[in-house]
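*Asks:* Supplied in structure tokens, the structure appears directly below.
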Amino acid sequence: MALPVSDGAAADVYLADSVKIAAKILIVGHFAVGKTTFVGTMSEIRPLSTEETMTQAGAHVDDLTGAGRKTTTTVALDFGRLTLSDRLVLYLFGTPGQQRFAQVWKDMTVGALGALVLIDPQRFDQSFDVIGLLEEYDVPYAVAVNRFDGSVEHPLEKLRAALDLLPDTPLVTCDARDRASSTEALMALVRYLQLRASKELA
């Protein structure tokens with residue numbers, strides 16, 4: 001949902017006076033796929049992060065397969081901001097990756113204009129729950145394959161088939177640590193949302 005920016009001094013502290021539209025974009029994906037890194041890479045302000053140290057108790061609940069030496073996890077959200085033009089700003093909301101935070105996922109879909117789904121091609125099967133939730137709540141999305149060091153690259157069309165994506169759903173690659181690469185992934189989502197909006201208005 002695109003919302004008009006409220007008038008007043010509070011809005012001017014971080015935003016230019018010319019900004020009139022703020023859009024909520026979700027950065028979603030399974031556990032340890034790079035959501036916090038992506039938000040941190042793209043945010044023009046210091047991102048808000050709710051990373052906490054993982055515990056032994058959590059290891060019995062969460063699937064840590066493929067997580068490597070990850071020692072922290074997002075327990076609420078990551079938040080960042082990206083100004084796209086003098087009139088438009090994106091607010092980036094990164095979600096927790098574990099299934100036990102499913103209610104948080106649902107709550108965060110409220111008011112979202114769209115979502116970028118990050119996936120690890122070695123663990124793409126863990127993405128079905130997230131994609132299913134977005135489809136259930138009618139949140140348009142694009143998919144970005146996050147390139148990890150040492151990971152084996154798979155043809156995008158094979159991944160599209162494996163994920164059962166619609167032909168017009170954007171599927172791109174990115175490196176969440178690299179701003180230029182991450183920008184391209186985010187812009188693929190923005191262009192898709194613009195195309196959908198223009199079709200609805202036609």
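The values are calculated or read from the model by the stated rules, or taken from the named source; none is laboratory data. Nothing here was measured: the structure is a model prediction, and the numbers come from that model. Ideal geometry is used to build each Cβ from the backbone, glycine not excepted, and the neighbour counts take in all protein chains shown.
*Asks:* If Glu184 passes every condition in (1) among the acidic types (Asp, Glu); (2) under 25 Å from Pro96 (Cβ atoms); (3) surrounded by 13 or more Cβ atoms within 10 Å (Cβ to Cβ) but one, which one does it miss?
*Replies:* So the condition that Glu184 fails would be (2).
*Asks:* Consider Thr36 carefully, then state whether it is among the β-branched types (Val, Ile, Thr), at pLDDT 50 or above and in contact with an Asp or Glu (Cβ under 8 Å, 6 or more places away or on another chain).
*Replies:* Judged against the criteria, Thr36 is a match.
*Asks:* Scan the strands (runs of 3 or more DSSP E) fully inside segment 87-202 and keep the ones with 3 or more residues being among the charged types (D, E, K, R).
*Replies:* none
*Asks:* Can you tell me which of Leu163, Leu193 is surrounded by 16 or more Cβ atoms within 10 Å (Cβ to Cβ), over 16 Å from the mean Cα position of the chain (by Cα) and either under 23 Å from Leu113 (Cβ atoms) or modelled with pLDDT of 95 or more (or both)?
*Replies:* Of Leu163, Leu193, the one residue that is surrounded by 16 or more Cβ atoms within 10 Å (Cβ to Cβ), over 16 Å from the mean Cα position of the chain (by Cα) and either under 23 Å from Leu113 (Cβ atoms) or modelled with pLDDT of 95 or more (or both) is Leu163.
*Asks:* Condition (residue is at pLDDT below 95 and farther than 23 Å from Ile45 by Cβ) applied to segment 140-147: is it met by at least one residue?
*Replies:* So far as segment 140-147 goes, yes, one or more of its residues are at pLDDT below 95 and farther than 23 Å from Ile45 by Cβ.
*Asks:* Separate question: Pick out the one residue from Val19, Val28 that is modelled with pLDDT of 70 or more, closer than 24 Å to Leu165 by Cα and among the β-branched types (Val, Ile, Thr).
*Replies:* Val28
*Asks:* Against the conditions (1) more than 19 Å from Glu135 (Cα to Cα); (2) surrounded by 12 or more Cβ atoms within 10 Å (Cβ to Cβ); (3) at pLDDT 75 or above; (4) not hydrophobic (A, V, I, L, M, F, W, C), where does Thr95 fall short? Just the number, please.
*Replies:* Here Thr95 meets the rest and fails (1).
*Asks:* Then there is this: Could you check, for segment 35-52, whether at least one of its residues is outside any helix (DSSP H, G or I) and in contact (Cβ under 8 Å) with a residue 60 or more places away in the chain?
*Replies:* no
*Asks:* Is it the case, given these coordinates, that Arg177 is basic (Lys, Arg), surrounded by 13 or more Cβ atoms within 10 Å (Cβ to Cβ), free of Cβ contacts under 8 Å to residues at least 12 places away in the same chain and closer than 22 Å to Phe38 by Cβ?
*Replies:* Here the answer is no, as Arg177 does not meet what is asked.
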